[in-house]
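Working notes, beginning with the structure itself.
The values are calculated or read from the model by the stated rules, or taken from the named source; none is laboratory data. Keep in mind that this is a model prediction, so the values were computed, not measured. Using ideal geometry, Cβ is built from the backbone for each residue, glycine included, and neighbour counts are taken over all protein chains shown. Quick note on the areas: whole protein, heavy atoms, side chains included, nothing else; ligands and nucleic acids left out. Shrake-Rupley method; radii C 1.70, N 1.55, O 1.52, S 1.80 Å.
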6 protein chains.
Amino acid sequence: MHEPDRPPIPALLTILEHACALKRLPRTGWLLNGVVPCESIADHTTGVALLTLALADALNADWQAQGLERPLDVGRALTLAVLHDLAESRVTDLPKRSTTLIGADVKRCAENEAFSMIVGALPAANDYTSLWREYVEDASPEARLVHDADALEMVHQALLYERAGHRTLDEFWRGHRWHYRLCEQLFDVLRNARS
Amino acid sequence: MHEPDRPPIPALLTILEHACALKRLPRTGWLLNGVVPCESIADHTTGVALLTLALADALNADWQAQGLERPLDVGRALTLAVLHDLAESRVTDLPKRSTTLIGADVKRCAENEAFSMIVGALPAANDYTSLWREYVEDASPEARLVHDADALEMVHQALLYERAGHRTLDEFWRGHRWHYRLCEQLFDVLRNARS
Amino acid sequence: MHEPDRPPIPALLTILEHACALKRLPRTGWLLNGVVPCESIADHTTGVALLTLALADALNADWQAQGLERPLDVGRALTLAVLHDLAESRVTDLPKRSTTLIGADVKRCAENEAFSMIVGALPAANDYTSLWREYVEDASPEARLVHDADALEMVHQALLYERAGHRTLDEFWRGHRWHYRLCEQLFDVLRNARS
Amino acid sequence: MHEPDRPPIPALLTILEHACALKRLPRTGWLLNGVVPCESIADHTTGVALLTLALADALNADWQAQGLERPLDVGRALTLAVLHDLAESRVTDLPKRSTTLIGADVKRCAENEAFSMIVGALPAANDYTSLWREYVEDASPEARLVHDADALEMVHQALLYERAGHRTLDEFWRGHRWHYRLCEQLFDVLRNARS
Amino acid sequence: MHEPDRPPIPALLTILEHACALKRLPRTGWLLNGVVPCESIADHTTGVALLTLALADALNADWQAQGLERPLDVGRALTLAVLHDLAESRVTDLPKRSTTLIGADVKRCAENEAFSMIVGALPAANDYTSLWREYVEDASPEARLVHDADALEMVHQALLYERAGHRTLDEFWRGHRWHYRLCEQLFDVLRNARS
Amino acid sequence: MHEPDRPPIPALLTILEHACALKRLPRTGWLLNGVVPCESIADHTTGVALLTLALADALNADWQAQGLERPLDVGRALTLAVLHDLAESRVTDLPKRSTTLIGADVKRCAENEAFSMIVGALPAANDYTSLWREYVEDASPEARLVHDADALEMVHQALLYERAGHRTLDEFWRGHRWHYRLCEQLFDVLRNARS
């Protein structure tokens, strides 16, 4: 698809445009619970990326005691974190109430297609698509870590919105299941900090 | 500093708190030029991280033709991108007019110290500090790439603000020097898109 | 469903909650084109309702010359206008780029179901569902009028955003088909006002 | 005033412009109590219109038991709801502290004149002016319903702002008098939901 | 009214509360012309105060050549500047379209009464009321200077909003009459900077 | 520096530009504690100026009982209040966490230089520079009053943000030392109003 002597400028522009969409699109779950204005998807992505980095290295510091078969590939985890909401630049951030109606499968298909459209013209398109599938399917220790980081970053933000006065954010604290003991511990600390 | 049997929860909370500060702090250069509201530092970070990823892989697709001695370490580049503005969560985003008065050296020292305070209690603190120094000193091909991505993301955002009507953003287009030919090409395309 | 001696308080609360969601949810098409902040769905609804009222009465003033078989039912048109985006309080405002991926049919089904959930417990639920179907299917002169008003209100808002500097709103002006000659005339006047 | 062969385009543009002003103007009572940003007048209008519709049909479901002499004219009620704050597009939303100083009579005259200026060139101008007078004077069951809906929508919004943390909104809950028993019941439910 | 041994705490709280209202209330003229969000009344007051200070001292530097009979009382001018929009904390910022309907006299009376309510319990209440009358009636060289500064600050802000893309702000540039030649010169420079 | 026959237009434009920067720049301390959006520096300046005026006159009403050696120069106090944050238009509002890293001395030098750049071309530049030094060094009763007013305005704003729900603003209430008994009394009243 990409010929080495023709630099992939249009594909890079596409990435920039979609990164910019992530800056403008709100995390609709907050909006619907009265947080106006609220963080952007890009705001959240940075939080997830930073937390993923810190968690991965913290787990690797004693990976055997943490029950891992091998140290986590930090670069891979970080790539997943940076890409994990990219499809929302086309699909937008569908809140639960919308996903229930549209169907989780339809949403997943839409996000798959969106993801392909966004990265498709890049030289490493196939790699990104594989990584995206790995993330969606929780198919690696790194993907599972990013899912934990995604949820932890959200509850931390909920905690801060609660400290700003919001009293309707209970739903963001419920129903979490953690892949890593360390993440569950961090969640417990955040939950205890609520009261 | 970190003992394996005591998970580094406080250090992780510190990361979350500073990630959240990046969401709230505006990129002051836009504000001072009349873009109100403007993107957050975290918004920008996500843009830089996505672009760094795409650029690194694009360069690696024909690294020899691009004049590289070895393929770029994508994970390392991404780590630098995610960390590159973290110190601003303590120092805030000082615009040029402020940096000139405070002094680039003082600012750098403050950012170094801020960075150490933020990551200092994490197991991989030393690694992050090394990476940060590498970034600040442009001491690796990956660091140089992130500097290019940082500037490209900014001019792309300037282009979009200009499309939203702003006519005072010339300064953001001036004085760039590029480490990579591909980045310069991308810049030229963005600049041509202005008119 | 409703028993006269038990007032439909919960059903009315549901309406209030969904009206409030419309206030908070942005019209994402503007956001994606760089209008930040932009109008809410509720902002738009008021515009459509006022324009529908004025258009209906203007058409009725000489309905025969306008090619109508009977005067428009203004109350019916207004009801359609007020209800026309109510389902978005659950589905959110999916921009074109998202609808294309999710599928227009899926979106329509989701909106049908959302609509039923929102009004379902009200005494007049069946009437509203019929009206909603009428609107979606363009099945009456009143429904067609509201579609025209919906589009006209949008291009007028685009015009005002353009006067505020935005230069990327061409797509909002394209592809309109009008059911009423009067609406087409109004569109022509708005389009001429652009330059 | 209007000749059938000259479509009332300028009058329709006037409606669009004033609808747009309602989108931009804040409900100043919220601002003065620290809700920043707050809903627009147009946001509120959509809430009142949706609630009026639901209330009117709910009352009509057993209008005799509700003490009505005839079923409500839903279309008329909806028209009143859509028009009820239109004059504020010229007068702006004067908070109580301002109205007290300016005088309720002066405010009413200003709103009457504003209303006439906004709708005056429309074919149905006289009808709208009559409706407006009917609303202001509480001169019909429909007008009384819209006044109840106006107040209920406001206290519901107050409730949501309180759930977002605001603790200075007591004044919005005080001094209400209800024309309809159903509305009073709804108010009681909202008030009980505060604690 | 004030007894020396009972410090005027409640009167000072009143001032703080009204100063805070000025921070929250928008300058509605901008809003109605599509500048969303726009500056607060307090934002404007600071601009007027700073400009008044600079203008007063600039005029005093050669007051005879400027046609003044005596040097300006800078402290008095600054007091007028700081107080000049204080009444709007109760009356709100009525745009021209509203003032025309309410009547300039009614507005002035309302502002007089508002001003008295705000400052009335302070020890220097009478002084402030005299100063306010002096400002409203243009009854001193200092009052005339603040009127010029008020208008200049507004057109400068218009210029900056125009540089941010807004194209509907012509009305803010029209109809000015200047009391001071220096102010007229500054206006000419600003006007020339538009094109 | 200034010649009487060449009016100081460029110097006045400089003042206007920096006043406008104060409108756009947020008070970062609020942002970092979750108040988004928050007041501008210019918002705060107006609050300080109004409070300074009221405090100065209140103290002067019985200056001997208040322990003053002479009545306060109100005009001087007001000038200090209006100028007290002007340097932040170049340096930006550095929060404590940033000042600690940059160093209070460096910050002061930067602000001194910024102040000189902003006012340097005005006829009264030397006067302003002296006043600024007087303020920074607390070198007069008027300077001390403005420091008290600066702190009081901040805690009052904190109180209002707390009433809007924020629960993380304790730090803004701590560590105050008051130059005037009246200011301490006002602080006590505000602190008591928290609970």
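Worth pointing out:
- Residue-by-residue Karplus 3J(HN,Hα) for region F:182-192, coefficients 6.51, -1.76, 1.60, Hz, glycine and proline x: 4, 5, 5, 5, 5, 4, 4, 5, 5, 5, 5
- A helix-only calculation puts the protein assembly as shown at -20500 deg cm²/dmol for mean residue ellipticity at 222 nm, using -39500 (n - 2.57) for each DSSP H run of at least four residues, averaged over all residues.
- Virtual paramagnetic centre 7 Å along Cα→Cβ of C:Ser116, amide N under 20 Å, in region C:12-36: C:12, C:14-15, C:18
- Measuring only protein heavy atoms, the 1.4 Å probe finds A:Asp170 accessible over about 80 Å².
- Solvent-accessible heavy-atom area per residue, rounded to whole Å², over region B:9-192 at 1.4 Å: 34
- Sparse packing (at most 16 other Cβ atoms within 10 Å of the Cβ) combined with a DSSP loop state is found for the following GluC sites (Glu not before Pro) in region E:116-157: E:Glu137.
- Threshold 20 Å² - residues in region F:128-168 whose accessible area is reduced by that much or more when the chain is no longer isolated, probe 1.4 Å: F:Tyr128, F:Glu153, F:His156, F:Gln157, F:Leu160, F:Glu162, F:Arg163, F:Ala164, F:Gly165, F:His166, F:Arg167, F:Thr168
- Couplings for region D:151-166, taken from phi via the Karplus curve 6.51 cos²θ - 1.76 cosθ + 1.60 with θ = phi - 60°, read 6, 5, 4, 5, 5, 5, 5, 4, 4, 5, 5, 5, 5, 7, x, 5 Hz in order; Gly and Pro are left as x.
- At R0 = 51 Å, FRET efficiency that the Cβ-Cβ distance of B:Ser130 and A:Asp138 yields, to 0.05: 0.95
- Across the identical copies, the label point of E:Gln64 (7 Å from Cα in the Cβ direction) is separated from its matches by 4.1, 8.6, 8.6, 9.5, 9.7 nm, in order from shortest.
- Residue of chain A whose Cβ sits closest to the axis mapping A onto F, with distance in whole Å: A:Gly165, 1
- For chain D, the share of accessible area belonging to carbon and sulfur comes to 45 percent (1.4 Å probe, ligands and nucleic acids excluded).
- DSSP-loop GluC sites (Glu not before Pro) across region E:28-96, with at most 16 other Cβ within 10 angstrom: E:Glu69
- Cα-Cα pairs of the protein assembly as shown separated by more than 38 Å (percent): 54
- With label points set 7 Å from Cα along Cα→Cβ, the inter-copy distances at F:Gly120 are 3.7, 5.1, 5.7, 5.7, 7.1 nm, sorted shortest first.
- Label-point spacing at D:Val136 relative to the other copies reads 2.6, 4.2, 6.0, 6.0, 6.8 nm, in ascending order, each point sitting 7 Å out from Cα along Cα→Cβ.
- The solvent-accessible area of A:Ser40, taken with every protein chain present and a 1.4 Å probe, is close to 10 Å².
- For chain C, built as a Gaussian network whose Cα springs stay under 10 Å, the top-fluctuating residue of C:Ala114, C:Ala58, C:Ala81: C:Ala58
- Contact order, relative form, for chain F: 25 percent (alpha carbon pairs under 8 Å, 6 or more residues apart, mean separation divided by residue count).
- Interface burial for A against B (accessible surface, 1.4 Å probe, total of both chains, Å², rounded to 100): 4400
- Convex hull per residue volume in Å³, alpha carbons only, for chain B: 122
- With θ taken as phi - 60° and the Karplus curve 6.51 cos²θ - 1.76 cosθ + 1.60 applied, the whole-hertz 3J(HN,Hα) list for region F:14-21 is 4, 4, 4, 4, 6, 4, 5, 4 Hz, x standing for glycine and proline.
- Out-of-range pairs (alpha-carbon distance over 19 Å; input A:Lys23/B:Lys96; B:Lys107/F:Lys96; A:Lys23/B:Lys23): A:Lys23/B:Lys96
- Cα→Cβ-extended label distance, 7 Å offset, between D:Gln185 and C:Arg174, nm: 5.3
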